[in-house]
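Let me begin by presenting the structure, written as structure tokens, before commenting on it.
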Amino acid sequence: MSTHDDYLARLNAEQRAAVEALDGPVLVLAGAGTGKTRVLTTRFAHILKSGRAWPGQVLAVTFTNKAAREMRERVSAIIGEPAEGLWLGTFHALCARMLRRHAELVGLTSGFTILDTDDQIRLLKQVMDAAGVDVKRWPANGLMAAIQRWKDRGLTPERVTPAEDTDYAGGKARALYAAYQQRLRDLNAADFGDLLLHVTEILRTHPDVLADWHRRFRYILVDEYQDTNLVQYLWLRLLAQRPEPMHRNICCVGDDDQSIYSWRGAEIENILRFEKDFPGAKVVRLESNYRSTKPILAAASHLIAHNTGRLGKTLRTGRNDADGEKVRVVALWDSEEEARMVGDRIEAARRSGHSLAEIAILVRAGFQTRAFEERLITLGVPYRVVGGAKFYERQEIRDAMAYLRVLAQPADDLAFERIVNVPKRGLGDTALREMHRIAREERIPLSYAAETLAGTLKLAKARQALRELVQGFGRWRALLAKEGHVVTAATLLDESGYTEMWKQDRSAEAPGRLENLKELLRAMGEFETLAGFLEHVALVMETDEAAEQDRVSLMTLHAAKGLEFDMVFLPGWEEGLFPSQRSLDEGGEKALEEERRLAYVGLTRARRHAIVSAAANRRVYGNWTSAIPSRFIDELPPEQIEREGAERSRPAMPASVFDRGPLTGGFGAARRPRVIEAGLWEVQERPARTTPFKPGDRVFHQKFGPGTVVAVEEDRLEIDFDKAERKRVLDRFVEPG
Ligand code: ATP
Ligand code: MG
């Protein structure tokens, strides 16, 4: 066989058929791990190798930038040279590039700016103000969400029919949408949704432009097709429906069982309608799964069979080592024990030579990563958080930490600066400059200067808001002495308006941020004092990571789409967490089925080891709340799973651990962190930490190099570094030197 065909030899017959059917529309509809992405990549290479098109004549759409990078690498490897000049990326990236070429057709110039959510909100408020809409009564976020929905469906203001209108602001939403679009044009700006909307509109209304693109793109490839929304679909269809005699060479690959973005407007109907829009389409089904062992595959298939709204498909294993180990379902006492279990297994895997890059922890909600991150740090296991920031680096956590730092230390100017106008307190640049001036002249911290400043502000609203903040800190410090740091932190976040800010926020990330804040309070509960906690975080943040390549991956299930790992941990399979409380509240089967698809995505990421776990208790600010195992655990086939850990949970109320009250709500009547009712359940206090080091020891620190220990307190060392100043560090980051 010539080298030319080598890459084809790595495919099975069906995959090969999908790759070689180059002319005309192709839909590959197949389960997880059947090689859909491999087909798409190979098809790309095959098109180039067989001389059907130049690299720049293929349009390839991936779901994330990471997937785009991977595909570029895989294509390069197959064609044996760097793949350049490709039109390969996410819908947004590709559309931004196209829009730059035709910006003037929608009243922009090619240098237009792309706005982020903050800018969008600011602009919407201006527009609403100008239209005399009361921004207090109608939060701008609601309008933003409505506009986004329209944009996801390809509706420009002119295309929104009265039937599509919402009752927002007494039926003014459509007019506001039009005014907002005009403002964007005036500013030469586009929001994220505009990228697709504008390009689709241009292609719809300018046949000459469309014809140009038709001549350019001979082949179109789309991965994760099940998650496209309507406007993305319209864009694809416009580009793909080339007039005769040109071919409609579009190849989409997807899996209806992995559709997990309906909240972002993805429509499963797009799959079903493919055959109608592209008559004569070749539909290829792949049934051999090459990724997972038999038990993992059987468990995932059995689980997803509980969904009714699916196309249904057979999946069998294509692996030789198919027998493999059963899916483990581990019952644990609480979330801390869960984090320990995961950490221990990762340690054991590492000792037996397992690569960390082949291990992933996939969580349902972002806040869950915190417990695992701390455990991994303790064990000295390097990790990365994919598709998001590490817990203590997240925006809302940094904000909250800034509040706590000011609480502990009024002179912490950096922290005060971060929060003085978050949430917005109506302080403009001039006011902030004035605050700095006062601080400098009177040589006082900013938080004191703010008090003086408050007296001079002309704007009554700003004056009031700043006063409240300054007085608030006085009150919270008094509370800290009386009630302890957890209650105080919860109160502070509520009273400062910080929690409220995220509650008002209608963006998709806002609920996750609120959960992160609750998780922060939980983390604080593990420390005796505020100072102890702040120091812990400062030290955790110190850890240097740039050097390590081999790391465990932590991410949400949503971010894990398309990826695979040898060993996958799936923690927190509890009612109210997974399936999420929101999906249960909505009540309908639809939301629940989407959660189940998410579980299916999770399980099918694993090649050889899948470890599902559920904790019987979760602590919510010192309260223990019992949780019941997820229904998804019961939906796994008993013969494919191995249960571990006693069923120690007592009969539990199916109440959610994650209530949506104010942060202080959990305390309600009893304003003390360790609630009496919890007495029975209280596990032991954190044992005193000891360290093998003593003053005088020579040590080596990962980041600061050699030094001498001068003082020891629990697991914290004070070290005189040879090449850096004296520092306090955690003992696990140093070795005997
Ligand atoms: P997902 O639905 O999760 O996106 P997928 O259908 O895109 O999965 P791939 O990621 O392309 O599946 O393939 C899964 C794994 O199986 C990969 O490791 C891939 O290299 C391997 N694989 C695919 N086809 C074959 C084959 N014919 N022979 C051996 N291994 C294969
Ligand atoms: Mg894939």
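The values are calculated or read from the model by the stated rules, or taken from the named source; none is laboratory data. Everything quoted here is computed from the prediction, not taken from an experiment. Cβ placement follows ideal geometry from the backbone for every residue including glycine, while neighbour counts extend to all protein chains displayed. Remember, those area values only see protein heavy atoms, side chains included, never the ligands or the DNA or RNA. Shrake-Rupley method; radii C 1.70, N 1.55, O 1.52, S 1.80 Å.
Screening the stretch 546-654 for strands (runs of 3 or more DSSP E) wholly inside it with 2 or more residues that are modelled with pLDDT of 90 or more and within 16 Å of ligand 1 (Cβ to nearest atom) returns the ranges 552-556, 565-570, 606-620.
Out of ALA67, ALA45, one residue alone is within 15 Å of ligand 1 (Cβ to nearest atom), farther than 23 Å from ARG215 by Cα and of a type in the set (A, V, I, L, M, F, W, C). It is ALA67.
Filtered by the rule that a residue be more than 16 Å from ligand 2 (Cβ to nearest atom), outside any helix (DSSP H, G or I) and over 18 Å from PHE278 (Cβ atoms), the stretch 201-242 gives HIS206, ASN229.
For the criterion of being at negative phi and modelled with pLDDT under 90, ARG137 passes.
Restricting attention to the stretch 11-32 and to residues that are open to solvent by 10 Å² or more (accessible area, probe 1.4 Å) and near ligand 1 (Cβ under 6 Å from one of its atoms), the residue that is farthest from THR62 (Cα to Cα) turns out to be ASN12.
Annotation note: Cβ proximity below 6 Å between a residue of the stretch 134-146 that is assigned to a loop (DSSP other than H, G, I, E, B) and a residue that is of a type in the set (S, T, N, Q) (sequence gap 6+ or interchain) occurs for PRO139/GLN504.
With respect to the conditions (1) among the basic types (Lys, Arg); (2) in contact (Cβ under 8 Å) with a residue 24 or more places away in the chain; (3) away from ligand 2 (no atom under 16 Å from the Cβ); (4) in contact with a Ser or Thr (Cβ under 9 Å, 6 or more places away or on another chain), LYS561 lacks only one, and its number is (3). Would you check if there is a residue in the stretch 329-343 being under 21 Å from ALA599 (Cβ atoms), crowded, with 20+ Cβ neighbours inside 10 Å and among the polar types (S, T, N, Q)? Yes: the stretch 329-343 contains one or more residues that are under 21 Å from ALA599 (Cβ atoms), crowded, with 20+ Cβ neighbours inside 10 Å and among the polar types (S, T, N, Q). Scanning the stretch 376-396 for residues that are within 21 Å of ILE346 (Cα to Cα) and of a type in the set (D, E, K, R), we see that the one that is least open to solvent (accessible area, probe 1.4 Å) is LYS390.
Is it the case that some residue within the stretch 25-33 is farther than 24 Å from ARG605 by Cβ, away from ligand 2 (no atom under 16 Å from the Cβ) and outside any strand (DSSP E or B)? Taking every residue of the stretch 25-33 in turn, at least one turns out to be farther than 24 Å from ARG605 by Cβ, away from ligand 2 (no atom under 16 Å from the Cβ) and outside any strand (DSSP E or B).
Restricting attention to the stretch 508-543 and to residues that are more than 18 Å from GLY388 (Cα to Cα) and of a type in the set (Asp, Glu), the residue that is modelled with the lowest pLDDT turns out to be GLU542.
When GLU574, GLU586, GLU593 are checked against the criterion of being in contact (Cβ under 8 Å) with a residue 12 or more places away in the chain and open to solvent by 10 Å² or more (accessible area, probe 1.4 Å), a single residue qualifies: GLU593. GLN181 fulfils the conditions (1) outside the structural domain of ALA53 (by TED's automatic domain parsing); (2) out of contact with any Pro (no Cβ under 9 Å at 6 or more places or on another chain); (3) at pLDDT 95 or above except for a single criterion, (2). Consider the stretch 341-369 and keep the residues that are more than 25 Å from GLN581 (Cα to Cα) and of a type in the set (Lys, Arg). The one that is farthest from the chain's Cα centre (by Cα) is ARG351. Scanning the stretch 436-447 for residues that are within 39 Å of the chain's Cα centre (by Cα) and either modelled with pLDDT under 85 or surrounded by fewer than 18 Cβ atoms within 10 Å (Cβ to Cβ) (or both) turns up HIS436, PRO445.
Residues are listed down the side, and each one gets a yes or a no for (1) touching an Asp or Glu at 6+ places or on another chain (Cβ under 9 Å); (2) at pLDDT below 90:
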| site | (1), (2) |
| --- | --- |
| LEU27 | yes, no |
| THR37 | yes, no |
| LEU40 | yes, no |
| LEU59 | no, no |
| PHE63 | yes, yes |
| ALA68 | no, yes |
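Are any of the residues in the stretch 119-134 among the hydrophobic types (A, V, I, L, M, F, W, C), farther than 25 Å from ILE47 by Cα, outside the structural domain of GLN504 (by TED's automatic domain parsing) and surrounded by fewer than 15 Cβ atoms within 10 Å (Cβ to Cβ)? Among the residues of the stretch 119-134, at least one is among the hydrophobic types (A, V, I, L, M, F, W, C), farther than 25 Å from ILE47 by Cα, outside the structural domain of GLN504 (by TED's automatic domain parsing) and surrounded by fewer than 15 Cβ atoms within 10 Å (Cβ to Cβ), which makes the answer yes.
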